[in-house]
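The values are calculated or read from the model by the stated rules, or taken from the named source; none is laboratory data. Fair warning: this is a prediction, and the values are worked out from it, not measured in the lab. Positions of Cβ are backbone-derived with ideal geometry, glycine not excepted, and every protein chain shown enters the neighbour counts.
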Amino acid sequence: MTATFLGIHTGSFSSPAAGNPTVVMVEASYRHHGIDARYLNCEVAPGALKDAVRGARAMGWAGFNCSLPHKVAIIDHLDRLAKSAEVIGAVNTVVATHGELVGHNTDGQGFVESLRTVVDPAGLEVVVLGAGGAARAVAVETALAGAARVTVVNRTERRGAELARLVTDGTGVPAASVPWDQPYAVPTTTDVVVHATSVGFGNGDAMVALELDSLREGLVVADVVVSPPRTALLRAAEERGATTLDGLGMLVGQGALAVRHWTGIEPDRDVMRTAAIAALRI
Ligand code: NDP
């Protein structure tokens with residue numbers, strides 16, 4: 001009797017799990033590359049996370065994503081963390097490696113991959129608007145990619161200062177925080193501005209408090225907001241001659257890097273982007 005290959009098992013643990021675009025994106029890449037793998041979108045309540053991880057271990061899953069609300073809590077159930085996940089203090093991708101479950105954070109790496117399609121952040125001055133989960137991943141990974149300086153601009157000053165400290169202590173890259181109590185004028189020395197607040201999610205007309213005329217030719221303006229991808233900020237930046245980058249590239253990048261970890265293949269980003277656009281109906 002020949003042995004039956006049972007395929008690669010992967011998935012996502014989150015709550016609420018419905019509407020997660022990564023499922024469609026990852027499944028599309030498995031199909032496109034002819035990989036015998038599945039991605040299961042699992043509704044996992046906070047109290048069930050430990051058992052869900054034990055289940056994945058017991059069933060020999062190649063790994064899984066974890067999304068809200070598990071990105072920090074998952075750390076207690078893993079064997080170790082990769083460098084950037086350790087600095088960021090959050091995990092979105094778990095990889096089974098030689099009997100261990102290793103926590104990675106591909107959100108920031110996905111952002112840097114997307115950023116590199118327009119500019120390499122090495123040696124550049126970067127401004128990050130926001131200090132939540134997405135901003136942490138972007139600020140840390142941009143610093144690890146060699147940014148010269150990171151400035152964090154956040155509404156709640158304490159959180160901004162914490163993130164700036166995290167970047168400096170965790171990566172050695174100089175970082176500072178700036179209070180955001182009036183429209184922020186992007187300094188003329190800035191090369192890249194990344195909008196990573198939740199403003200604009202689900203509302204293409206919502207705009208963060210910025211001096212719009214500080215957006216200029218030669219500046220890269222990136223937004224992490226995925227839906228809708230053409231945010232008011234990106235439209236304003238485009239009108240003023242800046243180079244713009246939407247949040248879809250980060251979404252695709254984080255998923256593609258997870259697929260690479262689990263399967264060893266380099267997935268086609270265009271296939272994943274098309275699937276994400278269809279899933280999000282954008
Ligand atoms: P968090 O809740 O962790 O952080 C929200 C951030 O937005 C905080 O810095 C908060 O500031 C700030 N904020 C909220 N409202 C305002 C406002 N009115 N004015 C100024 N700042 C404000 O959210 P996440 O970091 O998880 O998500 C942020 C965005 O990133 C969402 O749109 C999310 O969908 C997107 N995202 C995109 C990804 C991608 O792959 N493209 C991946 C992950 C997230 P304060 O500290 O003062 O409250």
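Could you tell me whether Ala122 is without any contact (Cβ under 8 Å) to a residue 60 or more places away in the chain and either part of a strand (DSSP E or B) or touching an Asp or Glu at 6+ places or on another chain (Cβ under 8 Å) (or both)? Before the answer, list the steps.
Working: without any contact (Cβ under 8 Å) to a residue 60 or more places away in the chain: yes; either part of a strand (DSSP E or B) or touching an Asp or Glu at 6+ places or on another chain (Cβ under 8 Å) (or both): no.
Answer is no for this residue.
Residues checked against (1) in contact (Cβ under 8 Å) with a residue 40 or more places away in the chain; (2) out of contact with any Pro (no Cβ under 9 Å at 6 or more places or on another chain); (3) closer than 24 Å to Thr142 by Cα:
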site: Pro46; (1), (2), (3): no, no, no
site: Gly55; (1), (2), (3): no, yes, no
site: Gly60; (1), (2), (3): yes, yes, no
site: Asn65; (1), (2), (3): yes, yes, yes
site: Leu68; (1), (2), (3): yes, no, yes
site: His77; (1), (2), (3): no, yes, no
site: Leu81; (1), (2), (3): no, yes, yes
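Please determine whether any residue of the range 129-148 is out of contact with any helix residue (DSSP H, G or I) (no Cβ under 6 Å at 6 or more places or on another chain) and among the acidic types (Asp, Glu). No, every residue in the range 129-148 fails to be out of contact with any helix residue (DSSP H, G or I) (no Cβ under 6 Å at 6 or more places or on another chain) and among the acidic types (Asp, Glu).
Each row is one residue, and each column tells you yes or no for (1) touching a residue at least 40 places away in the same chain (Cβ under 8 Å); (2) surrounded by 15 or more Cβ atoms within 10 Å (Cβ to Cβ); (3) not in a helix (DSSP H, G or I).
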{"position": "Thr190", "(1), (2), (3)": "yes, yes, yes"}
{"position": "Val194", "(1), (2), (3)": "yes, yes, yes"}
{"position": "Ser227", "(1), (2), (3)": "yes, yes, yes"}
{"position": "Asp270", "(1), (2), (3)": "no, no, no"}
{"position": "Ala275", "(1), (2), (3)": "yes, yes, no"}
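Residue-level check: of (1) away from the ligand (no atom under 11 Å from the Cβ); (2) among the hydroxyl-bearing types (Ser, Thr, Tyr); (3) surrounded by 24 or more Cβ atoms within 10 Å (Cβ to Cβ), Thr106 misses just (1).
Go through (1) surrounded by fewer than 23 Cβ atoms within 10 Å (Cβ to Cβ); (2) farther than 19 Å from Leu124 by Cβ; (3) out of contact with any Gly (no Cβ under 7 Å at 6 or more places or on another chain) one by one and return the number of the condition Leu257 breaks. Here Leu257 clears every test but (3). Return the only residue of Leu215, Leu219, Leu210 being in contact with a Pro (Cβ under 8 Å, 6 or more places away or on another chain) and either at positive phi or surrounded by 14 or more Cβ atoms within 10 Å (Cβ to Cβ) (or both). Result: Leu210 is the single residue among Leu215, Leu219, Leu210 that is in contact with a Pro (Cβ under 8 Å, 6 or more places away or on another chain) and either at positive phi or surrounded by 14 or more Cβ atoms within 10 Å (Cβ to Cβ) (or both). The residue that is farthest from the ligand (Cβ to nearest atom), counting only those in the range 224-253 that are closer than 13 Å to Leu115 by Cβ and touching a strand residue (DSSP E or B) at 6+ places or on another chain (Cβ under 9 Å), is Thr243.
Kindly indicate which of Val128, Val112, Val118, Val94 is away from the ligand (no atom under 16 Å from the Cβ) and at pLDDT 95 or above.
Details: Val128 fails: away from the ligand (no atom under 16 Å from the Cβ); Val112 fails: away from the ligand (no atom under 16 Å from the Cβ); Val118 fails: away from the ligand (no atom under 16 Å from the Cβ).
Sole residue among the options that is away from the ligand (no atom under 16 Å from the Cβ) and at pLDDT 95 or above: Val94.
Could you check, for the range 187-194, whether at least one of its residues is within 12 Å of the ligand (Cβ to nearest atom), among the aliphatic types (A, V, I, L, M), within 19 Å of Thr244 (Cα to Cα) and touching an Asp or Glu at 6+ places or on another chain (Cβ under 9 Å)? Break it down stepwise before answering.
Residues of the range 187-194 within 12 Å of the ligand (Cβ to nearest atom): 194.
Those left that are additionally among the aliphatic types (A, V, I, L, M): 194.
Cutting the leftovers down to within 19 Å of Thr244 (Cα to Cα) gives us 194.
Filter once more, keeping what is touching an Asp or Glu at 6+ places or on another chain (Cβ under 9 Å): 194.
Yes: the range 187-194 contains one or more residues that are within 12 Å of the ligand (Cβ to nearest atom), among the aliphatic types (A, V, I, L, M), within 19 Å of Thr244 (Cα to Cα) and touching an Asp or Glu at 6+ places or on another chain (Cβ under 9 Å).
Close Cβ contacts (under 9 Å, 6 or more residues apart or on different chains) running from residues in the range 13-37 that are within 22 Å of Gly60 (Cβ to Cβ) to residues that are among the acidic types (Asp, Glu) and surrounded by fewer than 17 Cβ atoms within 10 Å (Cβ to Cβ) comprise Phe13/Glu43; Ser14/Glu43; Ala17/Glu43; Ser29/Asp268; Tyr30/Asp36; His33/Asp268. Among the residues making up the range 152-176, those that are more than 14 Å from the ligand (Cβ to nearest atom) and not in a helix (DSSP H, G or I) are Gly172, Val173, Pro174, Ala175, Ala176.
Checking each residue in the range 87-100 for being without any contact (Cβ under 8 Å) to a residue 60 or more places away in the chain and either surrounded by fewer than 18 Cβ atoms within 10 Å (Cβ to Cβ) or in contact with a Phe, Trp or Tyr (Cβ under 9 Å, 6 or more places away or on another chain) (or both) picks out Val94, Ala96, Thr97, His98, Gly99, Glu100.
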